[in-house]
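Visitor: Sharing a structure below in structure tokens format, with a few things to ask.
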Amino acid sequence: MHRIISGLLFFLFLQVALHATASNEDYVLRIREAELAGDRDAVAARCREWYASGQFSSGVLNWNYNALMSLEPDALLITQNDNDTYPVWLLQHALDVRPDVHVLNLSLLENDTYRERVIRQEHLPAIPAGASLTEFLQGCISGKNETPTYFGVMTDKSRIETAKNSLYLTGLALKFSIRPFDNVAVLRNNYENRFRLDYLKLQMAPEHDPAAVAQLNLNYLPAFLLLYKHFTTSGEFGKAAQLRDIIVRIGRDGNRESEVLAFLNKDLSASRLLSDITPKMLEKDMKKVGARLYAAETETTNFQYERFLQDLLKNKDFDQLEKCKTTLTNWRALLPDSLKNLPDAVLFPHGHPDLPGMPVQNISHEAAEHYCAWMTTVYNTSTERKKFKKVLFRLPTEPEWIQAACGGLNEIIYPWGGYFIRNAKGCYLLNMKVAEPCIKCPEKGGPDMDGGFFPVLAESYFPNNYGLYNISGNVSEMIQETGKCKGGSWNDIPYYGQLKTVGTCTGPSPEVGFRIFMEVIEE
């Protein structure tokens with residue numbers, strides 16, 4: 001049975017967020033006073049006032065939501081700090097989240113009068129009346145209580161040292177259990193079905209103290225690293241790749257990246273990923289666009305994406321294969337009735353959009369993110385010679401995309417630096433929806449090709465100064481923020497090809513693809 005990854009790793013990350021401050025100290029003090037006075041109605045009222053004020057951290061609240069989701073029904077949760085106690089009460093009283101959980105804070109339990117009242121109210125038969133705090137804790141971990149008992153992951157290690165062999169990670173809590181159980185299965189279910197994870201991938205709301213939230217999030221690492229090891233040893237490399245991205249981001253934001261990468265590197269060395277993709281294949285397509293940032297020279301092609309799907313198949317990652325599989329586009333159905341019966345040679349003069357060299361499209365944002373995560377795992381686990389030790393493939397942020405698209409030029413509208421979408425010969429410089437065709441342009445693809453009706457070859461038109469093709473036009477490119485895309489597509493007017501214009505993408509579309517960026521983590 002899996003318990004804690006290792007004592008050293010567990011206690012390393014257990015202590016890093018002990019000093020994170022609560023979002024609003026005034027509300028915390030008022031709630032503490034009401035709780036110590038035994039006035040639960042006042043506690044509830046002040047929690048609702050706190051929520052109505054908006055003076056709380058969304059990151060801290062999401063963290064505590066996941067802590068509650070780590071528990072079974074009617075559990076007893078023993079906490080120690082402000083950040084893992086008062087936001088829980090806020091969730092319970094203001095949003096009715098897991099009101100079945102009984103929360104006891106060790107700092108408050110140091111008050112003798114409060115502790116005696118709690119023993120009576122919570123009906124804990126294994127704890128005698130008048131018990132000291134030490135006796136109270138011993139009663140909780142005696143195995144005589146029928147109430148499922150959990151400790152928050154920020155509990156001081158000295159408090160639970162004697163029970164560490166009976167503590168099992170289930171997420172952001174440790175369950176005390178005399179009988180061993182498969183806590184990894186519980187952790188996996190919590191992670192896949194119960195936790196809120198979006199805020200760990202993308203900051204959804206502004207934070208007053210992002211550094212404190214980043215420190216708090218480090219407490220995910222023991223559980224996530226345990227689950228990551230489970231995914232890799234069971235051959236679920238796609239899920240491991242997705243979780244790895246989250247782990248690296250948490251470590252980087254919390255200034256613990258070196259420790260995280262050290263653990264990941266050691267763990268990955270034991271796993272063998274079935275893939276024909278080599279680091280050189282990935283490196284050759286990347287162009288430098290920043291100090292430690294590279295961008296693919298083309299939008300991800302059908303060939304590259306199909307190679308990724310074949311990897312998923314070889315590794316029997318059928319769950320991710322189902323999520324990432326492509327849906328063929330009925331191109332003729334997109335045409336007006338008067339054009340639907342034209343021969344392919346007329347409709348697709350530069351090649352059919354489903355050919356290997358064309359940009360992949362009609363896939364979800366989740367699929368694009370998984371593609372990036374997979375390439376990260378392929379590169380970092382490879383034993384072949386490579387340029388960098390560790391990298392992170394990902395979708396770009398909007399500022400990063402603009403930086404790459406500008407090609408080193410300042411304050412430009414289009415990636416070629418000019419104000420117009422035609423060159424001196426009157427040929428179009430991008431593949432977009434235009435008012436009139438370019439009848440003098442070559443019929444075949446290549447750097448001089450203009451006027452594509454549907455998507456054209458990924459290496460068409462002239463690249464920008466960084467060597468990036470079709471940064472404007474062809475297919476719109478997803479960015480990290482779900483629902484937004486950049487560059488415009490073959491079916492957009494040139495306005496959407498301007499570098500500062502933002503498009504929308506609500507789901508898979510024949511107009512939307514993606515370009516991967518590579519961030520160098522370790523040279």
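Visitor: Say R0 is 35 Å: what FRET efficiency, to the nearest 0.05, do Arg385 and Ser258 get from their beta-carbon distance?
Guide: E(calc), rounded to 0.05, equals 0.90.
Visitor: Please report the relative contact order for region 7-191, taking Cα pairs under 8 Å with a sequence separation of at least 6, and give it as a percent rounded to a whole number.
Guide: Dividing the mean separation by the residue count of region 7-191 yields 22 percent.
Visitor: If you don't mind, another one. Restricting to DSSP loop positions (anything but H, G, I, E, B) with no more than 14 other Cβ atoms inside 10 Å of their own Cβ, which GluC sites (Glu not before Pro) remain in region 132-186?
Guide: For GluC sites (Glu not before Pro) across region 132-186 that sit outside H, G, I, E and B with at most 14 neighbouring Cβ atoms in 10 Å, the list reads Glu146.
Visitor: Which of the peptides 217-228, 411-422 is most tightly packed, and how do the rest follow, judged by the mean count of other Cβ atoms within 10 Å per residue?
Guide: In decreasing order of mean packing, 217-228, 411-422 become 217-228, 411-422.
Visitor: Below 8 Å between Cα atoms, with a sequence gap of 6+, how large is the relative contact order for region 188-258 in percent?
Guide: 39
Visitor: Further question on the same structure: Taking only C-alpha pairs under 8 Å that are 6+ residues apart, what is the relative contact order of the chain in percent?
Guide: Normalised by residue count, the contact order of the chain is 13 percent.
Visitor: Related question: Please find the FRET efficiency linking Ala129 to Leu202, where r is the Cβ-Cβ separation and R0 is fixed at 51 Å, and quote it to the nearest 0.05.
Guide: Taking R0 as 51 Å, the efficiency between Ala129 and Leu202 is 0.55.
Visitor: Still on this structure, I have one more. Restricting to DSSP H runs of at least four residues, report the calculated mean residue ellipticity at 222 nm for the chain, -39500 (n - 2.57) per run over all residues, nearest 500 deg cm²/dmol.
Guide: Helix contribution divided over all residues of the chain: -11000 deg cm²/dmol.
Visitor: Give the Rg (one decimal place) followed by the Dmax (whole number) of the chain, computed from C-alpha coordinates and expressed in Å.
Guide: When restricted to the Cα atoms of the chain, Rg and Dmax are 27.5, 94 Å.
Visitor: Taking the highest mean first, how do the peptides 178-191, 506-519 order by number of other beta carbon atoms within 10 angstrom per residue?
Guide: 506-519, 178-191
Visitor: Along the charge dipole of region 176-220, which of Ile178, Ala214, Asn189 sits closest to the positive end, that is, farthest toward it, with unit charges on the beta carbon of Lys, Arg, Asp and Glu (+1, +1, -1, -1)?
Guide: Ile178
Visitor: What's the FRET efficiency of Lys325 with Asp112 using the Cβ-Cβ distance as r and R₀ = 51 Å, to the nearest 0.05?
Guide: Calculated value: 0.25.
Visitor: Could you sort 388-394, 325-331, 345-351 so that the peptide with the highest average Cβ count within 10 Å comes first and the rest follow in order?
Guide: 388-394, 345-351, 325-331
Visitor: For a label point 7 angstrom out from the Cα of Asn165 toward its Cβ, which stretches of region 179-214 have the backbone nitrogen within less than 13 Å?
Guide: Residues passing the 13 Å test: 179-180.
Visitor: Please state, as a whole number in µm²/s, the translational diffusion coefficient that the Stokes-Einstein equation yields for region 298-343 at 20 °C and 1.002 mPa s, with Rh defined as the Kirkwood radius across alpha carbon pairs.
Guide: It comes out at roughly 166 µm²/s.
Visitor: Return the distance in nm (one decimal) between the two label points of a simple spin-label model at Ser142 and Arg120, each offset 7 Å from Cα along Cα→Cβ.
Guide: With each label point 7 Å from Cα toward Cβ, the separation is 2.0 nm.
Visitor: Something else about it: Any chance you could check the Cα centroid distance between region 206-238 and region 325-380 for me, in angstrom?
Guide: For region 206-238 versus region 325-380, the Cα centre distance is 34 Å.
Visitor: Ok, one more. Using the structure shown, list the pairs from Lys284/Lys325; Lys340/Lys484; Lys389/Lys484 with a Cα-Cα distance above 29 Å, or answer none.
Guide: Lys340/Lys484; Lys389/Lys484
Visitor: Please compute the length gained on full extension between Tyr419 and Ala291, using 0.36 nm multiplied by the number of residues separating them and subtracting their Cα-Cα distance.
Guide: 43.3 nm
Visitor: Label-point separation (nm) for Arg332 and Glu306, each offset 7 Å from Cα along Cα-to-Cβ?
Guide: About 2.1 nm separates the two model spin labels.
Visitor: Let me ask something else about it. Among Phe318, Met478, Val101, flag the residue with its Cα farthest along the positive direction of the charge dipole of the chain, charges on Cβ as +1 for Lys/Arg and -1 for Asp/Glu.
Guide: Checking the options against the dipole of the chain, the answer is Phe318.
Coordinate-derived values only; no laboratory data. The structure presented is a predicted model; accordingly, all values stated were derived computationally and were not measured. All Cβ positions, glycine included, derive from the backbone under ideal geometry; neighbour counts span all protein chains shown.
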